[in-house]
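The values are calculated or read from the model by the stated rules, or taken from the named source; none is laboratory data. Quantities reported herein were computed from a predicted structural model and do not represent experimental measurements. Reconstructed Cβ throughout: ideal geometry from the backbone, glycine too, with neighbour counts over all protein chains shown.
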There are 2 protein chains.
Amino acid sequence: MTDFAATKNMFFLPDGVIYLDGNSLGALPRAAVTRVEKTTRDEWGEMLITGWNKAGWMDQPTKIGDRIGRLIGAEAGHVAMGDTLSIKVYQALASALEMRPERRVILSDSGNFPTDLYMAEGLITSLGRQHQLKTPAPEAVMAHINEDVAVLMLTEVDYRTGRRHDMAALTRAAHAAGALVIWDLAHSAGAVPVDLAGVGADFAVGCSYKYLNGGPGAPAFIYVAPRHAENIRPALSGWLGHDAPFAFDLNYRPGAGIERMRVGTPPVLQMAALEAAMDIWDMVEMADVHAQSIMLCDQFIAGIEATCPALHLASPRAGRERGSQVSFHFEHGYAAMQALIARGVIGDFRAPDIMRFGFTPLYIDQGDVQAAIAIIADVMANRLWDQPEYKTKARVT
Amino acid sequence: MTDFAATKNMFFLPDGVIYLDGNSLGALPRAAVTRVEKTTRDEWGEMLITGWNKAGWMDQPTKIGDRIGRLIGAEAGHVAMGDTLSIKVYQALASALEMRPERRVILSDSGNFPTDLYMAEGLITSLGRQHQLKTPAPEAVMAHINEDVAVLMLTEVDYRTGRRHDMAALTRAAHAAGALVIWDLAHSAGAVPVDLAGVGADFAVGCSYKYLNGGPGAPAFIYVAPRHAENIRPALSGWLGHDAPFAFDLNYRPGAGIERMRVGTPPVLQMAALEAAMDIWDMVEMADVHAQSIMLCDQFIAGIEATCPALHLASPRAGRERGSQVSFHFEHGYAAMQALIARGVIGDFRAPDIMRFGFTPLYIDQGDVQAAIAIIADVMANRLWDQPEYKTKARVT
């Protein structure tokens, strides 16, 4: 049984803040401060270039990859860290399209996070505009799966509403039609149990700065199914994905399995922060996290619906059908979120009218949820959001 | 006049070490320790998601880009940080090839750093193998410039020998033939004066963990000439290169100028370390660094040639023709370098037989060079390298 009081103690949270935005940027593991300092001072400073071997920097991408792999049901040795999620989407999609050269459709949905669609657009243009990117509504995806589809590329949990796709059913249907599947787990990893091996996913990608708490700009991850790992061509064929990077051959020869999805030099300081977060994750079972998440989200929905009639639930009501977030529609959602942030309840706003709240059982408990409900109820009942200073949009919320 | 005694004091160097490998991984700026700690604890920890605005994380890539831009002669507002050098090479090359659709040759050289060639290979395959990558010997590049060449892609300073290309002459010749030019400044930025605007480079890329001292895994930079910046199509069209990333549009629309070469979330902790390094660079003039570098390299060459007849100079003898490194051929170079590292002189080895020593005036002075010469002379005169433990190759040196 996961001890959530213990994990909560392992995070730093500022006084007077109830942080319901761990789905955007996870909170700071206390140990990350000393861990990053140690890597900076004792490894970079003292070991200098020898840190690549002595401190194990070179192997971090696959070592940490395996620790995340446990949380997403990946086979050991098939997850690597590096780059950003956008780059990892590109790698997965480029490799997948080459495996279905006779097919011309990339099927996604209109709820996918935009960067996934943008990277696909860019790749399609580079490949000579022979492919088509289809983005039906999320609920219509299943009906669009057919034998024209080369790749089904979806984000499991919708970043605005928290609606979950049925990974097993969609993967099965895509495979039955001869298509490959890429799952973006940005809002799944560390939020809900994922069973990549069990559902038979071909590729998966995700970031580590949300639920995984790796810190701002933490590296992304990529998973390639063992049945494909030795066969795919890496489109971004960088030297650290070479079979022998330090032989400095003039020609590229892909490394074994997931190693070929590495590109350039890994971000060692970011990896150090992420390692501190993974020390906490190693103590945690995803089934416990999910049960706790559903309980907190249900408590929040009940509390808000009982006190804030102007807020309308944008997330699925059934716990199993959503990720670890709850969203509400509200016409003045942007201003209301600014008013909440000013009062220490940090969620975020997503256009056009969504107030989004993330629930992260590792450091948010029932007391936090109860306190947040009371503040939101006050802001709504007394129209505290109706102030000019809350209506000017900043670049990021 | 740059005060090199002052800059040396601003770096941490371990006791008993003479660090001649700053061309591979720069030394630790003392201020980076507290700077990274502050970003971790006071920004990530205290500000959480609001750090993107409050702490200025979102603008770091172009703010730091401009500070590096000064060192490489770029126009203000035309350099952005992010990703790795391999990714930036890919971006520059993909955009450049589209600007010369009727041409089919990428001209590089056999002395280029392998990842540049590997990324080009990968791109050529993605584009349907219609292009050819030519890699003549470095001294034969000029003779290969003709009207078949779409892009001339070169690393100014050879990573093994330190030989510099003539940027101005090669750029002029390429432009006269109607080709575009991409300069890789990995071993130039912070090592030698570069005048991108003056030579009329089309694109430039580089890393910040070598001479720039940004730390292990520090982000790369990319420069796009002002005359191209608003016209190029970004092949890696990620959301942070979108004109309005937080509008979450479903279709990509490139951001203004260099902003479109951003891809995903910037590595905030790495950026913090790099900022500490840039605080030192802001005190420095590249002309002074170059003069000091030539003096130190000349001192080193004279000292080694006077004491170590078995070592044969692999670098250009004339200071203006080399970067800030000196390389020697020696049949037992690998073992000799291990013996030196065991005695505190850290350089590195590059296959097949090159012992490479980097000279970084910001923290290496004449006394260091003299002490290094004495140790190398002792190792060579007494064959101290001829020990079994120095002959087993590690993955990285």
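Structure data summary
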| read-out | value |
| --- | --- |
| Set A:Asp158, A:Asp109: member being under 27 Å from A:His312 (Cα atoms), crowded, with 24+ Cβ neighbours inside 10 Å and in contact with a Pro (Cβ under 7 Å, 6 or more places away or on another chain) | A:Asp158 |
| Residue within the range B:176-189 that is of a type in the set (D, E, K, R), assigned by TED's automatic domain parsing to the domain that holds B:Ser108 and assigned to a loop (DSSP other than H, G, I, E, B) present | no |
| Conditions (1) out of contact with any His (no Cβ under 9 Å at 6 or more places or on another chain); (2) crowded, with 16+ Cβ neighbours inside 10 Å; (3) not assigned by TED's automatic domain parsing to the domain that holds A:Gly73: number failed by A:Met355 | (1) |
| Residue in the range A:6-14 that is among the small types (Gly, Ala, Ser), assigned to a helix (DSSP H, G or I) and more than 9 Å from chain B (Cβ to nearest Cβ) present | yes |
| Count of residues meeting criterion [more than 7 Å from chain B (Cβ to nearest Cβ) and either in contact (Cβ under 8 Å) with a residue 24 or more places away in the chain or in a strand (DSSP E or B) (or both)] in the range A:15-28 | 7 |
| From B:Ala235, B:Ala229, B:Ala272, B:Ala220, residue being under 26 Å from B:Asp195 (Cα atoms), more than 18 Å from the chain's Cα centre (by Cα) and of a type in the set (A, V, I, L, M, F, W, C) | B:Ala229 |
| Within the range B:40-66, tally of residues that are among the small types (Gly, Ala, Ser), over 19 Å from A:Ala276 (Cβ atoms) and in a helix (DSSP H, G or I) | 1 |
| Residue in the range B:350-369 that is over 28 Å from B:Ser208 (Cα atoms), out of contact with any Leu (no Cβ under 8 Å at 6 or more places or on another chain) and in contact (Cβ under 8 Å) with a residue 40 or more places away in the chain present | no |
| Any hit, the range B:29-39, residues being of a type in the set (Asp, Glu), in contact with a helix residue (DSSP H, G or I) (Cβ under 9 Å, 6 or more places away or on another chain) and either more than 30 Å from B:Met355 (Cβ to Cβ) or in a strand (DSSP E or B) (or both) | yes |
| Residue list for the range A:237-261, restricted to those being surrounded by 19 or more Cβ atoms within 10 Å (Cβ to Cβ) and charged (D, E, K, R) | A:Glu259, A:Arg260 |
| Sole residue being crowded, with 23+ Cβ neighbours inside 10 Å and closer than 19 Å to B:Tyr211 by Cα, chosen from B:Leu25, B:Leu48 | B:Leu25 |
| Residue that is nearest to A:Gln91 (Cα to Cα) [pool: residues in the range A:215-229 that are more than 10 Å from chain B (Cβ to nearest Cβ) and in contact (Cβ under 8 Å) with a residue 60 or more places away in the chain] | A:Ile222 |
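Each row is one residue, and each column tells you yes or no for (1) assigned by TED's automatic domain parsing to the domain that holds A:Tyr223; (2) closer than 20 Å to A:Ala371 by Cβ; (3) within 24 Å of the chain's Cα centre (by Cα).
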position	(1), (2), (3)
A:Arg35	no, no, yes
A:Glu43	no, no, no
A:Met47	no, no, no
A:Thr50	no, no, no
A:Gly65	yes, no, yes
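Residue-by-condition table, conditions (1) under 20 Å from B:Leu250 (Cβ atoms); (2) touching a residue at least 60 places away in the same chain (Cβ under 8 Å); (3) of a type in the set (S, T, N, Q):
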site: A:Met81; (1), (2), (3): no, yes, no
site: A:Leu93; (1), (2), (3): yes, yes, no
site: A:Glu102; (1), (2), (3): no, no, no
site: A:Asp116; (1), (2), (3): yes, yes, no
site: A:Gly122; (1), (2), (3): yes, no, no
site: A:Gln132; (1), (2), (3): yes, no, yes
site: A:Asn146; (1), (2), (3): no, no, yes
site: A:Leu152; (1), (2), (3): yes, no, no
site: A:Thr171; (1), (2), (3): no, no, yes
